[in-house]
1. Of all residues in region 17-40, count the ones that are open to solvent by 90 Å² or more (accessible area, probe 1.4 Å) and either in contact with a Gly (Cβ under 9 Å, 6 or more places away or on another chain) or not charged (D, E, K, R) (or both).
2. Tell me yes or no: at least one residue of region 28-44 is part of a helix (DSSP H, G or I) and in contact (Cβ under 8 Å) with a residue 60 or more places away in the chain.
3. Can you tell me which condition Gly131 does not meet? The list is (1) in contact with a helix residue (DSSP H, G or I) (Cβ under 6 Å, 6 or more places away or on another chain); (2) open to solvent by 50 Å² or more (accessible area, probe 1.4 Å); (3) not charged (D, E, K, R), and all the others hold.
4. Name the single residue that is modelled with the highest pLDDT among those in region 41-51 being surrounded by 14 or more Cβ atoms within 10 Å (Cβ to Cβ) and not hydroxyl-bearing (Ser, Thr, Tyr).
5. When residues of region 1-27 are filtered for being touching a helix residue (DSSP H, G or I) at 6+ places or on another chain (Cβ under 7 Å) and assigned to a helix (DSSP H, G or I), how many remain?
6. How many residues, within region 1-16, are open to solvent by less than 30 Å² (accessible area, probe 1.4 Å) and either under 18 Å from Asp107 (Cα atoms) or aliphatic (A, V, I, L, M) (or both)?
Amino acid sequence: MRADAEALYNANHRGLFRYLCRAVGHVETARDLTQDVFVRVSRSVIPAAPEGALRGWLFQIARNLALDHHRSGQRRPAIEPLTDTAVRPAPQETSVEVNAALAALADVDRDVFLMREVAGLGYDEIASACGLTADAVRSRIHRARLQLRERLSGQIAERRMTPMRRSGRNG
């Protein structure tokens, strides 16, 4: 069983960490929760299932830990720029806007979107992790993309319309 847990860790820890970074909005908390996922895995009987189902199982554990984290104090991810060497940082303003837009999504919509776009899970894996059908996952991802596009396009357009500051020098 240890070799199985180790193989699951090697194959999935980066995707789980990226998902949890966005889900909880804080790098150190995401590291702790990623570690907690694998502590739980090491104490569990790993189900005999295809790799995709196992990824869904891992992300279900991660999602439950993230939800518990939010219930224990914080309702939404903190809106702060994420700085981690594993992910190329966006300019600070854009990062804050993206985090705010993600925080505005319904919890399940945000989770399915992050599992797909950040962690790279397939629809069946997300469905398994969230207790949904694959069709419901597709619908929620589509809705999340539309909401994010609407929210972020307005903010980006505003930024483009704002004149750039001139330096203190004359002409």
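The values are calculated or read from the model by the stated rules, or taken from the named source; none is laboratory data. As the structure is a prediction and not an experimental result, all values here were calculated from the model. Backbone-built Cβ (ideal geometry, glycine too); neighbour counts: all protein chains shown. In case anyone asks, the SASA skips ligands and DNA or RNA and just uses the protein heavy atoms, side chains included. Shrake-Rupley method; radii C 1.70, N 1.55, O 1.52, S 1.80 Å.
1. Step one: list which residues in region 17-40 are open to solvent by 90 Å² or more (accessible area, probe 1.4 Å), which gives 28, 31, 35, 40.
From what is left, the residues that are either in contact with a Gly (Cβ under 9 Å, 6 or more places away or on another chain) or not charged (D, E, K, R) (or both) are 35.
Within region 17-40, residues that are open to solvent by 90 Å² or more (accessible area, probe 1.4 Å) and either in contact with a Gly (Cβ under 9 Å, 6 or more places away or on another chain) or not charged (D, E, K, R) (or both) number 1.
2. From region 28-44, those part of a helix (DSSP H, G or I) are 28-42; that's our starting set.
Then keep just the ones that are in contact (Cβ under 8 Å) with a residue 60 or more places away in the chain; that gives none.
There is no residue in region 28-44 that is part of a helix (DSSP H, G or I) and in contact (Cβ under 8 Å) with a residue 60 or more places away in the chain.
3. Unmet condition: (1).
4. Step one: list which residues in region 41-51 are surrounded by 14 or more Cβ atoms within 10 Å (Cβ to Cβ), which gives 41-42, 46.
Those left that are additionally not hydroxyl-bearing (Ser, Thr, Tyr): 41, 46.
On the way: Val41: 92, Ile46: 86.
Of everything passing the filter in region 41-51, Val41 is modelled with the highest pLDDT.
5. 14
6. The first filter runs over region 1-16 and keeps only residues open to solvent by less than 30 Å² (accessible area, probe 1.4 Å), leaving 5, 8, 12, 15-16.
Narrowing further to those that are either under 18 Å from Asp107 (Cα atoms) or aliphatic (A, V, I, L, M) (or both): 5, 8, 16.
Of the residues in region 1-16, 3 are open to solvent by less than 30 Å² (accessible area, probe 1.4 Å) and either under 18 Å from Asp107 (Cα atoms) or aliphatic (A, V, I, L, M) (or both).
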